[in-house]
Amino acid sequence: MPIHICPDCGYAYDEALGDRREGYAPGTRFEQLPDDFVCPDCAVRAKSDFLRQDQ
Ligand SMILES: [Zn+2]
C-alpha cells in the first residue's frame, strides 16, 4: 500500500498502518480520509498537497 508524505514536515501517512492517534484504522486508504484532512503534525498542508510514494 502507498505512503503519503507531507511536503512540509515529513509526516507520513502509511495506508497499511493508518494513524491510530488520529483515529484511522490500519488499511484506511488515503482517498478515504475526510476531504478537509490536514497534516496532523504541521496542520498546514491539505490532503491534495501530500506526495504519494508507492512501495
Ligand atoms: Zn505536515
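Note down the net charge around CYS9, summing +1 for each Lys or Arg and -1 for each Asp or Glu among other residues with Cβ under 9 Å from its Cβ. Display every interim value, and only then the final one.
Details: positive: ARG45; negative: ASP8, ASP41.
So the surrounding residues net to -1.
Over segment 3-53, what is the mean sequence separation of C-alpha contacts under 8 Å (at least six apart), divided by residue count, expressed as relative contact order in percent?
Working: 73 pairs, mean separation 21.0, N = 51.
This gives 41 percent for segment 3-53.
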Apply the Karplus parameterisation 6.51 cos²θ - 1.76 cosθ + 1.60, with θ equal to phi minus 60°, to every residue of segment 12-27 and state each ³J(HN,Hα) to the nearest whole Hz, in sequence, with x for glycine and proline. 10, 9, 9, 4, 5, 9, x, 8, 4, 4, 8, x, 9, 5, x, x
ARG45 long-range amide H proximity, modeled H, under 5 Å: CYS39
Loop only per DSSP, at most 13 neighbouring Cβ atoms within 10 Å: give me the trypsin sites (Lys or Arg not before Pro) in segment 1-43, ordered by residue number. ARG29
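Which value, in debye to the nearest 20, describes the size of the charge dipole of the chain about its Cα centre when Lys and Arg Cβ atoms bear +1, Asp and Glu Cβ atoms bear -1, and nothing else is charged? Show your work: numbers first, answer last.
Values: 6 positive and 11 negative charges, 17 e Å.
For the chain, the charge dipole is close to 80 debye.
Evaluate 2.2 N^0.38 Å with N set to the residue count of the chain, then give the Cα radius of gyration divided by it.
Working: Rg = 10.0 Å, N = 55, 2.2 N^0.38 = 10.1 Å.
Ratio of Cα Rg to 2.2 N^0.38 Å: 0.99.
Where a number appears in this text, it was derived from the coordinates with a stated rule and is not lab data. Nothing here was measured: the structure is a model prediction, and the numbers come from that model. Quick reminder, even Gly has a Cβ in these numbers, built from the backbone with ideal geometry, and neighbours come from all protein chains shown.
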